[in-house]
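The values are calculated or read from the model by the stated rules, or taken from the named source; none is laboratory data. Because the structure is predicted, anything quoted here is derived from the model rather than measured. Here the Cβ positions follow ideal geometry from the backbone for every residue, glycine too, while neighbour counts run over all protein chains shown. Quick note on the areas: whole protein, heavy atoms, side chains included, nothing else; ligands and nucleic acids left out. Shrake-Rupley method; radii C 1.70, N 1.55, O 1.52, S 1.80 Å.
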Amino acid sequence: GAVVSQHPSRVICKSGTSVKIECRSLDFQATTMFWYRQFPKQSLMLMATSNEGSKATYEQGVEKDKFLINHASLTLSTLTVTSAHPEDSSFYICSASPARRRLREQYFGPGTRLTVT
Amino acid sequence: AQKVTQAQTEISVVEKEDVTLDCVYETRDTTYYLFWYKQPPSGELVFLIRRNSFDEQNEISGRYSWNFQKSTSSFNFTITASQVVDSAVYFCALSEGAQKLVFGQGTRLTINP
């Protein structure tokens, strides 16, 4: 149980276009989802915390108008990178926390590798 | 502010050697959780262990063991009789009340045959 999926797993887009990444909790309901970004050979950095039915909370330095997060249901959160640029190329990972929080469980998706050309 | 430090950027050992990955953390909270994750080349994070701040018992799971010492704010991870499949990047992480995870810089472990 506790599976989180991400789609797509890889995406290549042209500079200036927007790309949407989906994060789904497949067998549990998630009131909270987190979005992380990981540059090559670096650590994971939290971008934002997404709560179902409310606005996302962004970490300092993350542009909320560029990285649009929507958590419309208890099983789906989306991250849209708007007007993507090559510097947005990164590995984006989401995680989901079950609605009945227990022992700080957080389940990670497999990640989405974004390349902006 | 919370912080996690993994001072070892890269470690390379020969198969069957024991290896310890260090993790030192900083937090002002008395209640917090510590984690270790493995990230193989595929990129997917693999959960290894979670520890709360009130449980200082060491844990052993097969070839893996963890040593949690609040006195030194450390949560070290040891792999005994290492295998090539253990090669990966290992992250230590900390969460406080908001459940946000703060990750260390990661340690790239290479096990050579």
Item to check | Cut-off 14 Å, label 7 Å out along Cα→Cβ of B:V85, residues of region B:34-73 by amide N | outcome: B:40, B:62-64
Item to check | Spatially proximal aspartates and glutamates relative to A:K55 (Cα-Cα < 18 Å; intrachain offsets below 8 disregarded) | outcome: A:E22, A:E63, A:D65
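Starting from the alpha-carbon convex hull of region B:18-104, give the projected area averaged over all orientations, in nm². Present the calculation step by step, with values, prior to reporting the outcome.
Values: hull surface 22.8 nm².
It is 5.7 nm².
Given R₀ = 35 Å, what would the calculated FRET efficiency be for A:Q29 paired with A:E87, taking r from the Cβ atoms and rounding to 0.05?
0.50
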Checklist outcome for this item: Between the modelled labels at B:S71 and B:N58 (7 Å from Cα along Cα→Cβ) the distance in nm is 1.4 nm
Item to check | Partner aspartates and glutamates for B:K38 [C-alpha distance under 20 Å; skip if fewer than 8 residues away on the same chain] | outcome: A:E105, B:E10, B:E15, B:E17, B:D18, B:D22, B:E59, B:D86
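Find the relative contact order for chain B and round it to a whole percent, using C-alpha pairs within less than 8 Å whose residues are 6+ positions apart.
Relative contact order for chain B comes out at 38 percent.
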Checklist outcome for this item: Along region B:55-70, Karplus-curve 3J(HN,Hα) (6.51, -1.76, 1.60; θ = phi - 60°) to the nearest Hz, with x for Gly and Pro, reads 10, 9, 5, 6, 10, 10, 9, x, 8, 9, 8, 10, 10, 9, 10, 5
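Other chains' Cβ within 10 Å of A:37-45 residues: what's the mean? Let's see the in-between values first.
On the way: counts 0, 7, 0, 0, 6, 3, 11, 10, 2.
Taking the mean over all residues of the peptide, I get 4.
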Item to check | More than 27 angstrom apart: percent of Cα pairs within the protein assembly as shown | outcome: 35 percent
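Ratio to report: Rg/Rh of region B:4-57, with Cα atoms as the point set and Rh obtained by the Kirkwood method; give two decimals. Could the numbers behind the result be given before it?
Numbers: Rg = 13.7 Å, Rh = 13.6 Å.
That ratio is 1.01, to two decimals.
Counting only other chains, what is the mean number of Cβ atoms within 10 angstrom of the Cβ of each residue in peptide B:101-108? Each step should come with its number before you reach the end.
Details: counts 8, 4, 7, 2, 3, 5, 0, 1.
Partner Cβ neighbours, averaged per residue: 4.
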Checklist outcome for this item: For chain A, any Cys whose C-beta has no other cysteine C-beta under 4.7 angstrom counts as unpaired, and these are A:C13
Item to check | Compactness of region B:71-113 - radius of gyration and Dmax, Cα, Å | outcome: 13.4, 42
Next on the checklist: Leaving out ligands, DNA and RNA, and with a 1.4 Å probe, what % of the accessible surface on the protein assembly as shown is carbon or sulfur?
Outcome noted: 49 percent
Checklist entry - When the Debye formula is applied to the Cα atoms of chain A, each taken as the same point scatterer, what base-10 log of I(q)/I(0) results at q = 0.15, 0.23 Å⁻¹? => result -0.59, -1.35
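Taking a probe of 1.4 Å, how large is the accessible area per residue of region A:24-86, in Å²?
Numbers: 3250 Å² over 63 residues.
Dividing the accessible area of region A:24-86 by its residue count gives 52 Å².
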Next on the checklist: Can you give the FRET efficiency to the nearest 0.05 for B:S42 and A:A72, using r as the Cβ-Cβ distance and R₀ = 25 Å?
Outcome noted: 0.30
